[in-house]
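Participant: Following this message is one structure expressed as structure tokens.
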Amino acid sequence: NAGVTQTPKFQVLKTGQSMTLQCAQDMNHEYMSWYRQDPGMGLRLIHYSVGAGITDQGEVPNGYNVSRSTTEDFPLRLLSAAPSQTSVYFCASSPTTGKWETQYFGPGTRLLVL
Amino acid sequence: AQSVTQLDSHVSVSEGTPVLLRCNYSSSYSPSLFWYVQHPNKGLQLLLKYTSAATLVKGINGFEAEFKKSETSFHLTKPSAHMSDAAEYFCVVGGDSSYKLIFGSGTRLLVRP
């Protein structure tokens with residue numbers, strides 16, 4: 001049971017490049033989400049999904065796309081990277097729908113956009 | 001709308017002394033509150049959560065927190081700090097749905113030998 005895994009661990013991009021951050025979980029959790037962490041700002045929700053085929057926007061969705069074709073995977077796509085997207089990105093998952101379930105976090109992806 | 005404020009960005013204690021990390025919340029209804037810990041270069045791990053049961057919540061590694069509605073506070077405490085407690089701690093409130101969490105800005109705990 002690997003929990004929540006994220007790849008890559010670290011990535012450097014040039015402005016305008018695109019990339020996909022991968023997230024997978026093997027706990028059969030229906031809820032998955034992406035956060036970004038910036039110094040002094042805690043974690044902010046980018047997008048989330050309550051099950052395969054269902055996604056919704058969080059607090060800071062601009063510049064990011066997501067899709068959820070399977071229960072296990074929830075990739076985050078940057079279509080045209082900007083320096084403002086330099087951050088640490090965390091994926092999280094939780095069992096479905098019981099109120100305020102514990103969220104399980106991956107180890108993070110550190111992204112630098114030049 | 002829900003919000004959470006962590007009153008200290010940094011806290012420094014000596015090993016073996018008590019730890020107090022302060023958190024105030026704002027919520028339009030009975031909140032669910034959490035403390036998460038993040039060790040350097042790691043993901044976040046749940047320490048404890050309050051979901052309207054007992055107001056004193058015990059978590060992992062000897063941490064506990066007390067929900068005080070009159071003070072809108074949810075401070076995290078530990079009687080005796082250990083070097084391994086050095087980390088960043090986040091106070092979190094449940095948002096306007098069962099899924100969304102609102103994070104505080106974090107408190108970095110430094111433990112001196």
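Participant: Among residues other than A:Cys23 whose Cβ falls under 12 Å from its Cβ, what is the net charge (Lys/Arg +1, Asp/Glu -1)? Please list the in-between numbers first.
Facilitator: On the way: positive: A:Arg68, A:Arg77; negative: A:Asp26, A:Glu72, A:Asp73.
Overall, the nearby charge balance is -1.
Participant: While we're here: Around B:Arg108, under 10 Å between beta carbons, what's the net of Lys plus Arg minus Asp minus Glu among the other residues?
Facilitator: So the environment of B:Arg108 carries a net charge of -2.
Participant: Quantify, in whole percent, the carbon and sulfur part of the accessible surface of chain A (1.4 Å probe; protein heavy atoms only).
Facilitator: On the way: 2610 of 5160 Å².
Ligands and nucleic acids excluded, carbon and sulfur reach 51 percent.
Participant: Largest first, how would B:Lys69, B:Lys78 line up by accessible area (1.4 Å probe)? Present the calculation step by step, with values, prior to reporting the outcome.
Facilitator: Working: B:Lys69 155, B:Lys78 25 Å².
From most accessible down to least: B:Lys69, B:Lys78.
Participant: For the protein assembly as shown, what is the percent of antiparallel DSSP beta bridges, rounded to the nearest 5? Mind dumping the intermediate values first?
Facilitator: Details: 66 of 75 bridges.
Antiparallel bridges: around 90 percent, rounded to the nearest 5.
Participant: Then there is this: Among B:Gly59, B:Gly43, B:Gly94, which one shows the biggest mean-square fluctuation in a GNM of chain B, springs joining Cα atoms closer than 10 Å?
Facilitator: With Cα springs under 10 Å in chain B, the top fluctuation among B:Gly59, B:Gly43, B:Gly94 is at B:Gly43.
Participant: Apply the Karplus parameterisation 6.51 cos²θ - 1.76 cosθ + 1.60, with θ equal to phi minus 60°, to every residue of region A:34-51 and state each ³J(HN,Hα) to the nearest whole Hz, in sequence, with x for glycine and proline.
Facilitator: Working through the residues one at a time gives 10, 10, 10, 10, 10, x, x, 10, x, 10, 10, 6, 9, 9, 8, 9, 9, x Hz.
Participant: Test of understanding: what is the full-extension gain from A:Thr86 to A:Thr70, defined as 0.36 nm times their sequence separation minus their Cα-Cα distance? Spell out each step's value before the answer.
Facilitator: Details: separation 16, 0.36 × 16 = 5.76 nm, distance 2.77 nm.
Separation in residues times 0.36 nm, less the Cα-Cα distance, equals 3.0 nm.
Participant: Another question, if that's okay. Please find, in a Gaussian network model of chain B (springs between Cα atoms separated by less than 10 Å), the residue of B:Ala81, B:Ala54, B:Ala65 whose mean-square fluctuation is greatest.
Facilitator: Ranking B:Ala81, B:Ala54, B:Ala65 by mean-square fluctuation puts B:Ala54 first.
Participant: Place a point 7 Å from the Cα of B:Ser28 along the Cα-to-Cβ direction; which residues of region A:39-80 have their backbone N under 18 Å from it?
Facilitator: Flagged as within label range: A:59.
Participant: For chain B, set up a Gaussian network in which alpha carbons nearer than 10 Å are linked by springs, and say which option among B:Val93, B:Val13, B:Val37 fluctuates the most.
Facilitator: Among B:Val93, B:Val13, B:Val37, the largest mean-square fluctuation in the Gaussian network model of chain B belongs to B:Val13.
Participant: Right, another one. With the other protein chains left in place, how much accessible area per residue, in square angstrom, belongs to region A:1-83 at a 1.4 angstrom probe? Intermediate values should be presented prior to the final figure.
Facilitator: On the way: 4050 Å² over 83 residues.
Heavy-atom accessible area per residue stands at 49 Å².
Participant: With a 1.4 Å probe, how much accessible area is buried between chains B and A, both sides summed, in Å² to the nearest hundred? Write out the running numbers ahead of the final one.
Facilitator: Working: alone 6250 and 6110 Å², together 10470 Å².
Approximately 1900 Å², summed over both chains.
Participant: What FRET efficiency, computed as 1/(1 + (r/R0)^6) with R0 = 25 Å and r the Cβ-Cβ distance, is obtained for B:Ala1 and A:Leu79, rounded to the nearest 0.05? Can you show the working numbers first?
Facilitator: Numbers: r = 30 Å, r/R0 = 1.19.
E(calc), rounded to 0.05, equals 0.25.
Participant: Another one. How would you rank A:105-114, A:6-15, highest first, on the average number of other Cβ atoms within 10 Å across their residues?
Facilitator: Numbers: A:105-114: 18.7, A:6-15: 13.3.
In decreasing order of mean packing, A:105-114, A:6-15 become A:105-114, A:6-15.
Participant: Take the alpha-carbon centre of region B:1-68, take the same for region A:31-92, and report the distance between them in whole Å.
Facilitator: About 24 Å separates the Cα centre of region B:1-68 from the one of region A:31-92.
Participant: So how much slack lies between A:Gln57 and A:Met19, counting 0.36 nm per residue of separation and subtracting their Cα-Cα distance, in nm? Walk me through the numbers on the way to the answer.
Facilitator: Details: separation 38, 0.36 × 38 = 13.68 nm, distance 1.91 nm.
The A:Gln57-A:Met19 span can extend by a further 11.8 nm.
Participant: In region B:15-58, which trypsin sites (Lys or Arg not before Pro) are in a loop and have at most 14 other Cβ atoms within 10 Å, using DSSP for the loop call? Please list the in-between numbers first.
Facilitator: Values: sites: B:Arg22, B:Lys42, B:Lys49, B:Lys58; in loops: B:Arg22, B:Lys42.
Those that pass, being in a loop and sparsely packed, are B:Lys42.
The values are calculated or read from the model by the stated rules, or taken from the named source; none is laboratory data. Please read these numbers as outputs of a predicted model, since none were measured by experiment. Methodologically, a virtual Cβ is constructed for each residue, glycine included, from the backbone with ideal geometry; neighbour enumeration extends over all protein chains shown. Side chains included, ligands, DNA and RNA excluded: accessible areas come from the protein's heavy atoms. Shrake-Rupley method; radii C 1.70, N 1.55, O 1.52, S 1.80 Å.
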